[in-house]
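Taken together, the values in this text are just the output of simple stated rules run on the coordinates, not laboratory data. Computed from a predicted structure; not experimentally measured. For neighbour counting, all protein chains shown are included, and Cβ atoms are generated from backbone atoms with ideal geometry for every residue, glycine included.
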Amino acid sequence: MPLRTIRLATCAAVLALGVCTPTLAQQAPVEAGDAAAPRAKNVILFIGDGMGVSTVTAARIYAGQKLGQTGEEYVLPFETFEHLALIKTYNTNAQVPDSAGTASAMHTGRKTKIGMLGYGPETHNGDCRSGAGHELPLLGEEVKQRGLALGIVSTARITHATPASVYSRSVDRDWEADSAVPEAQRGLGCADIAAQLVSKPFDVALGGGRAAFFGAAGKGQRLDASADLPGSWSAATGGTYVESAAALNDAPMDKPVLGLFSPSHMTYMVDRKPDSSEPTLTDMTAAAISRLRQDPDGFYLMVEGGKIDHGHHAGQAGYALEEAVEFARAVQYAIDHTDPAETLIMVTADHSHVFTIAGYPQRGNPILGLVVSPREDGEPGTEPVLAADGKPYTTLGYANGPGAVQGERPIPETGIAAHQQSLLPMGSETHGGEDVPLYASGPGAERVRGVMEQNLIYTVIRKALGWSDE
């Protein structure tokens, strides 16, 4: 029986059980050409949190316009990568996913429930004991077990869903500090995410979220007022703990480094002050690469542009796009400072947002401005187009969120700090459920093609590193 027939027949036999996730089309991108595929020494996975296709398009235009171009012709660094796929982002119990389930898929090789980190979908959210026997393999653990260097970088809290997926298992993504674990769930064997980070081997971990690592004496959130997890980690490992860009630059290059640069998430690029003590995403990426590449066995680095997502949730496209531009700078740094013959670089998103670009704006129209269309004769327009209510509207908008129009629609805000108008009133704009892009370059990138399940990113990484024996 032909391979295709066998696979389809097998899927048909188990479809009623709901476990037939991969199909031939979904498997093909990771099976094609494996025998001749080159091996990567290093892998860098860039995750633009919430960076769906519409965000990539808007960021491209925004970046070009910042340089004085019309914008549409601009090319973001990762858009030059030869290999491209569309990634299906759903969670096992959610059509529109969250960052925990999606990031876990990328770092465990298996899709799971919304809100779950490192446990299979058989586990019940928020129930510590239900996770027993359903632990999933973590890429971060395997990286260290196989002797490679490990780096984790994020502009969100280092204990937030996406970075946490590299190194932790939690039945609830919100259990970032022990104080966040419900009293009934304490003492049942489930460590909080911050405690898991400092108990695991890593070489570089940089981001926000300092409060989860300290007690009240250190202006933190832990139950023990005197708790100092970074201090205990430094004493146990000889590693260096830092809280500023200057301290990061001064930290010894031959020892692990843990950098927590803000109590919670790091500062938006739009809100950064010239004298900020926080490193940028590009600064952290540079520090991580310079340290990790010293390991002769290679490294795995996950870099998250976490605040792209936060800008969208706030309904502020300008904030999200400025974060996306900084994310692109970090990708460019990685391209410029790694050997393409030995480093697989992949750029993707965990999920999308309900973010739209619409209204027939003319070429070069300010992406954060009001829609001005070409005239009927094709020449440039000069006045904003009016909607049926007689008022102008912006190119960018949201299907839901804080900017919802209720009652008479006001004149929309414009500019980088604007809250874009939306349809449905919600305190926080939601994720979108459409496929997201995956761009790849380097050894193993040829496996990125077609339409792929998100958990196959894990397979692409392992195969690129030569771990295809299992």
Where in the chain are the DSSP H helices whose C-alpha atoms run 15 Å or more along the long axis and whose mean Kyte hydropathy is at least -1.0? 3-14, 53-66, 281-292, 317-336
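As a footprinting exposure proxy, order Arg39, Arg293 by other Cβ within 10 Å, with the fewest listed first.
In order of increasing Cβ crowding within 10 Å: Arg39, Arg293.
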Vicinal HN-Hα couplings computed from phi for region 418-431 (Karplus, 6.51 cos²θ - 1.76 cosθ + 1.60; Hz; Gly/Pro x): 5, 9, 5, 6, 9, 8, 9, x, 9, x, 9, 4, 9, 5
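Given R₀ = 41 Å, FRET efficiency for Glu82-Thr382 by Cβ-Cβ distance, to 0.05?
Step by step, r from the Cβ atoms, then E = 0.50.
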For region 350-367, just list the computed ³J(HN,Hα) in residue order, Karplus coefficients 6.51, -1.76 and 1.60, θ = phi - 60°, integers in Hz, with x standing in for Gly and Pro. 7, 6, 10, 9, 7, 10, 10, 10, 7, x, 6, x, 6, 4, x, 4, x, 5
5 angstrom amide H check on Met452, placed H, neighbours 5+ away: Leu86, Ile87, Lys88
Take the Cβ-Cβ distance between Thr57 and Ala184 as r, set R0 to 51 Å, and report the resulting FRET efficiency rounded to the nearest 0.05. 0.65
Cα gyration tensor of region 185-234, axes a ≥ b ≥ c as square roots of the eigenvalues: rounded (a/c below 1.5), prolate (a/b > b/c) or oblate? oblate
Inter-part gap, Cα centre of region 66-83 to Cα centre of region 161-237, in whole angstrom, is 39 Å
Going from the fewest other Cβ atoms within 10 Å to the most, one would list Tyr167, Tyr360 as Tyr360, Tyr167
Projected label distance in nm at Ala236 and His124, using a 7 Å step from Cα toward the beta-carbon: 3.1 nm
In nanometres, what is the gap between the two model label sites at Ser244 and Asp336, each 7 Å from Cα along Cα-to-Cβ? 2.6 nm
J(HN,Hα) series, region 138-144, from Karplus relation 6.51 cos²θ - 1.76 cosθ + 1.60, nearest Hz, glycine and proline x: 9, 4, x, 5, 5, 3, 6
How much mean residue ellipticity at 222 nm does the chain get from its helices, if each DSSP H run of length 4 or more adds -39500 (n - 2.57) and you divide by all residues, to the nearest 500 deg cm²/dmol? -8000 deg cm²/dmol
Which order results if Ile411, Ile47 are arranged by neighbouring Cβ count within 10 Å, fewest first? Ile411, Ile47
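Which FRET efficiency value, to the nearest 0.05, do you get for Thr70 and Ala417 by plugging their Cβ-Cβ distance into 1/(1 + (r/R0)^6) with R0 = 35 Å?
0.95
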Using alpha carbon positions and the Kirkwood radius, the Rg to Rh ratio of region 77-135 is 1.11
Order 315-323, 48-56 from most to least packed using the mean count of other Cβ atoms within 10 Å. 315-323, 48-56
Between region 108-134 and region 386-461, what's the alpha-carbon centroid distance in Å? 28 Å
Give me, ordered by chain and number, the residues 5 or more places off Thr395 or on other chains with an amide H under 5 Å from its own placed amide H. Gly369, Val371
